[in-house]
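Asker: Before I ask anything, let me first share the structure, which is written out below as structure tokens.
The values are calculated or read from the model by the stated rules, or taken from the named source; none is laboratory data. Small disclaimer: the values here were computed from a predicted structure and weren't measured. Positions of Cβ are generated from backbone atoms using ideal geometry, with glycine treated the same way; all protein chains shown enter the neighbour counts.
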Amino acid sequence: MRRPTKGTWRRVAVVSLTVVCVSYAPVAMTELWPYARPGAPAFGEWLLGRMVSPSYVADALATRIAPYRHSLIPMIVHSVLGGVLMLLGPAQLFTASRRRTRLHRILGVLFAVTVYASMASAALYLARTAPEDAFSGAAFWIVLATILLGTVLSVTFGVLAAIGGYPDLHQRWMLLCYGYLLTAPLLRLEWGALPRLLPGLPMTAINLVAIQHLGSLVVFGALIASRTLDRRSRIDGVTGSWAPLPVLVAAHLAGAAGLFWIARSYLDFGATGHRLLVAYLLPYAVAYAVMAAGARRAGREGRGWAREEWRLHLTALCLAPVLSVGAVPVLERGLDLDPHTALTAGVAIGCGMLAFAANVVVSMRVMHAREVLKRTVSADRTTAVGVSAPVA
């Protein structure tokens, strides 16, 4: 039997992503219609009610009427534009892969404008909603605010990279931006799937389980996509490593200490803490194994740039628990949260924020390499002129 090739897996991934995005678009666009007009069709509620149970959906959404009503127009704008973004994402992948440069730029401008408008509407909702009134409470409000900020900054850096003539960095930032956007459909999928693994839990509890790993999953997917599309073995001007062995060792030690603290803290919260800890650790372990294997394989094959990018992201992943541990007292005291809520929120945002930081470092690495190359070329030209100049 013939084994699937990398090209086959790539096509499967693109088709799967397209199916998820196109299927979710009408769900997103109609999600809030019933709040504006009772009885209006909402495909997401209808599907979820049949996947789990009508009471599972009704009990969760009954508490949303008051918080959504005072920000209904911004929320509807956000959800409708979110559905549009689900359609624009696969279209951008298609135009980029087919070298449709003009169409890709036009759709790219539309995509960026839509992201800004959608996130502005979401920001208005968050500003009008107290953290404790958000769905699943303050932890989810903090996660939403973090994703919003990451999405806006990612698309901004992507636009600036395109203007500055860095197509590789543009690609990375836009993939990260779309990864943040994909938290919405993936969360809905987990609303339907996790009740089979965790029967009896309400959607609010399922929501807290999902946010423990959604951030790490989407940024990990963006990294895999970036590494798949970037086939360069080396980049001129990139020498050495910004994540040498001593840095990696220190990051691993700090990360292990952070994971130990997180595990011990979650275990103090009984069955709920055990559930959230497993939801965090399993995806984290998978991401770590893939990054470590990717860096090792790239090193053996002599692909220096791939090894460097894997190692930078691996370092960030190791430091994510450290950021989470540091965020817990800040959230607890700054927002007057109870220890359990602060822990849940701090753990939920760690991997997503450090992946963003890793993208920043990768971008600085590429830009530094270009500057080194420019200086080398300039120095060579100066030397050539000095050698060819006639002696007086």
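Asker: Looking at segment 164-221, which of its residues are in a loop (DSSP other than H, G, I, E, B) and more than 30 Å from V362 (Cα to Cα)?
Answerer: Within segment 164-221, L198, P199, G200, L201, P202 qualify.
Asker: Kindly list, by first and then second residue, each pair from a residue in segment 130-156 that is touching a residue at least 60 places away in the same chain (Cβ under 8 Å) to a residue that is surrounded by fewer than 19 Cβ atoms within 10 Å (Cβ to Cβ) and not in a helix (DSSP H, G or I), limited to pairs with Cβ atoms under 8 Å and residues at least 6 apart or on different chains.
Answerer: Listed pairs, sorted by first residue: P131/L335; A138/L335; I142/L335.
Residue-by-condition table, conditions (1) farther than 24 Å from V322 by Cβ; (2) in contact with a helix residue (DSSP H, G or I) (Cβ under 6 Å, 6 or more places away or on another chain):
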position: P167; (1), (2): yes, no
position: Y180; (1), (2): no, yes
position: T183; (1), (2): no, yes
position: L214; (1), (2): no, yes
position: V219; (1), (2): no, yes
position: R234; (1), (2): yes, yes
position: V238; (1), (2): yes, yes
position: A256; (1), (2): no, no
position: W261; (1), (2): no, yes
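Asker: Shifting gears a bit: Quick test for you: out of V347, V322, pick the one residue that is touching a residue at least 12 places away in the same chain (Cβ under 8 Å), crowded, with 24+ Cβ neighbours inside 10 Å and β-branched (V, I, T).
Answerer: Only one candidate passes the filter, namely V347.
Asker: Does W191 qualify as being aromatic (F, W, Y) and within 19 Å of A28 (Cα to Cα)?
Answerer: Taking the combined requirement at face value, the residue satisfies it.
Asker: Does segment 166-176 contain any residue that is out of contact with any Cys (no Cβ under 7 Å at 6 or more places or on another chain) and free of Cβ contacts under 8 Å to residues at least 24 places away in the same chain?
Answerer: yes
Asker: If you take the residues of segment 222-281 that are in a helix (DSSP H, G or I) and in contact with a Ser or Thr (Cβ under 7 Å, 6 or more places away or on another chain), which of them is surrounded by the most Cβ atoms within 10 Å (Cβ to Cβ)?
Answerer: It comes out as L276.
Asker: Residues of segment 29-44 being within 27 Å of P199 (Cβ to Cβ) and at pLDDT 85 or above, which ones?
Answerer: The answer is E31, and nothing else.
Asker: Being under 19 Å from G158 (Cα atoms), within 19 Å of the chain's Cα centre (by Cα) and aliphatic (A, V, I, L, M) is the filter here, so list the residues in segment 342-367 that pass it.
Answerer: Hits for segment 342-367 are M353, L354, A355, A357, A358, V360, V361, V362.
Asker: Right, next: I'm checking my understanding of the structure. Among residues of segment 111-127 that are aliphatic (A, V, I, L, M), farther than 17 Å from L32 by Cβ and at pLDDT 95 or above, which one is farthest from the chain's Cα centre (by Cα)?
Answerer: By that ranking, first place goes to V113.
Asker: Now a separate question. Can you tell me which residue among R370, R375, R311 is over 20 Å from the mean Cα position of the chain (by Cα), within 29 Å of G240 (Cβ to Cβ) and surrounded by 13 or more Cβ atoms within 10 Å (Cβ to Cβ)?
Answerer: None of the others qualify; the one that does is R370.
Asker: Now a separate question. Scanning segment 325-343 for residues that are in contact (Cβ under 8 Å) with a residue 60 or more places away in the chain and not in a helix (DSSP H, G or I), which turns out surrounded by the fewest Cβ atoms within 10 Å (Cβ to Cβ)?
Answerer: Here the answer is L335.
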